[in-house]
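**Q** One structure is given below, represented as structure tokens, and several questions about it will come after.
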Amino acid sequence: MPKKTARRWADATRAIHGGESKHGVNGPVSTPIVRSSTFTFANTEEMKRWAEGKSKAYIYTRYGNPTLAVAEARLAQLENAEAALVTASGMAAISSSLLAVLKAGDELIATRQLYGGAYRLLRDVLPRLGIRVHHVEADLEGAERLVNANTRALYVETPTNPTLRLVDLKKAVAFARRHKLVSLIDSTFATPILQKPLDWGFDIVVHSATKYLGGHSDLIGGAVAASQQWVHKVREMVIFLGGSMDPEAAFLLTRGIKTLETRVRRQSENAMAVARFLERHSKVAAVHYPGLPSHPDHRLARRQMRG
């Protein structure tokens, strides 16, 4: 765990557990749900320090909350990130990240195969804000011709939802760096267990925590992992637009993360068994699963994913 992440984990744990003994943090095993919308200051001096940006004290849950901080620290550790942020939904994570990067007059290059909500955001909303979007296929063919002085970012999703096509992570990062673009990736279907895009050089990773991170179909949430600088900018956008996660959802997400690796490994095994069965079935025309040698991205999956 990076030193900054370890310190943030310790700070979050102390804040939420509320006590220490001579042996260290003394508190509950399960993460408490801090349901308070607002927080108190110990004195006016502490309030002044917060107003001057010299204190990270909690003030309002839209800005931050101890239960959210625990989930964020665990996500940062999973993604090998300097920092992480949880949001009200996967779309809140996607939209806040894109709006933290883009402004009117900027242009975005994005893969065409995206989660439906993200695709409609790029198609229907960003152009109204003065942001032009160009689409390429998952192989990034033709992306070079779309770059101009206004191009600001590259946004991809891999594996794609729902057809499970893959984007070459190494190729995407090299393209973004060559043109000084901010690289963003939706890594929801892979989870940090099967791929860690930040290790490949991506700037910002987003997730719908509703799916595998939560894992129990009982929460709506999103997540962002990146450098401290980028998470700060995305957090500002979440505060402005109101896409903060509810503390109870953060508790459920923290619970889900505890079993993430075990669940993803077993889900991968089950998916492979189902895919092999269906591929042999006489009434099935095609099976879209990167684990099968018949999938067009099978070799790429073996190269950049685990499991």
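**Q** Could you provide, to the nearest whole Å², the per residue accessible area of the chain with probe 1.4 Å?
**A** Value for the chain: 51 Å² per residue.
**Q** Further, regarding this structure: Going by Cα centres, region 136-170 and region 78-127 are how many Å apart?
**A** 13 Å
**Q** Given Cβ point charges of +1 (Lys, Arg) and -1 (Asp, Glu) and nothing else, what value in debye, to the nearest 20, does the dipole of region 70-182 about its Cα centre take?
**A** Computed charge dipole of region 70-182: roughly 260 debye.
**Q** Cβ neighbours within 10 Å, averaged per peptide: list 64-74, 196-206 in order, most packed at the top.
**A** Those peptides, ordered most packed to least, come out 64-74, 196-206.
**Q** Here's another thing I want to ask about it. Cα-based Rg of region 166-233 per 2.2 N^0.38 Å, rounded to two decimals? All intermediate terms of the calculation are to be shown ahead of the outcome.
**A** On the way: Rg = 12.8 Å, N = 68, 2.2 N^0.38 = 10.9 Å.
Here the answer is 1.17, to two decimals.
**Q** Follow-up question, since we're still on this one. Quick one: dipole size for the chain, taken about the Cα centre, charges +1 on Lys/Arg Cβ and -1 on Asp/Glu Cβ, in debye to the nearest 20.
**A** Value, rounded to 20: 440 debye.
**Q** May I ask which residue of W50, T191, I239 lies farthest towards the positive end of the charge dipole of the chain, with charges of +1 (Lys, Arg) and -1 (Asp, Glu) on Cβ and the Cα centre as origin?
**A** It is T191, whose Cα lies furthest towards the positive end.
**Q** So what's the back-of-envelope 222 nm ellipticity for the chain, counting only DSSP H runs of four-plus at -39500 (n - 2.57) apiece and dividing by all residues, rounded to 500?
**A** -12000 deg cm²/dmol
**Q** If you don't mind, there's one more thing I want to ask. In Å and on Cα atoms, what radius of gyration and Dmax does the chain show?
**A** Here Rg and the maximum Cα pair distance are 20.5, 74 Å.
**Q** Take L278 and R128, extend 7 Å from each Cα along the Cα→Cβ direction, and tell me the distance between the two endpoints in nm.
**A** Result: 3.6 nm between the two label points.
**Q** Quick check on my link table: of K170/K283; K171/K233; K56/K211; K180/K258; K54/K170; K54/K211, which ones sit more than 28 Å apart, alpha carbon to alpha carbon?
**A** Long pairs (Cα-Cα over 28 Å): K170/K283; K56/K211; K180/K258; K54/K170; K54/K211.
**Q** Hey, any idea what the orientation-averaged projected area of the convex hull of region 50-131's Cα atoms comes to, in nm²?
**A** Values: hull surface 29.8 nm².
Computing the convex hull of the Cα atoms and averaging its projections yields 7.4 nm².
**Q** With r as the distance between the Cβ atoms of R302 and H179 and R0 = 22 Å, compute the FRET efficiency 1/(1 + (r/R0)^6) and round to 0.05.
**A** FRET efficiency, H179 to R302: 0.20.
**Q** At what distance in angstrom do the alpha carbon centres of region 256-307 and region 178-243 lie from each other?
**A** 23 Å
**Q** Follow-up question, since we're still on this one. Keeping the other protein chains in place, figure out the carbon and sulfur percent of the accessible area of the chain, with a 1.4 Å probe. Please report the intermediate quantities before stating the final value.
**A** Values: 8090 of 15550 Å².
Answer for the chain: carbon and sulfur cover 52 percent of the accessible area.
The values are calculated or read from the model by the stated rules, or taken from the named source; none is laboratory data. Since the structure is predicted, the reported quantities are computational estimates derived from the model, not experimental observations. Neighbour counts run over all protein chains shown; Cβ positions are idealised from the backbone, glycine included. These area figures cover heavy atoms from the full protein model, side chains too; ligands, DNA and RNA do not enter into them. Shrake-Rupley method; radii C 1.70, N 1.55, O 1.52, S 1.80 Å.
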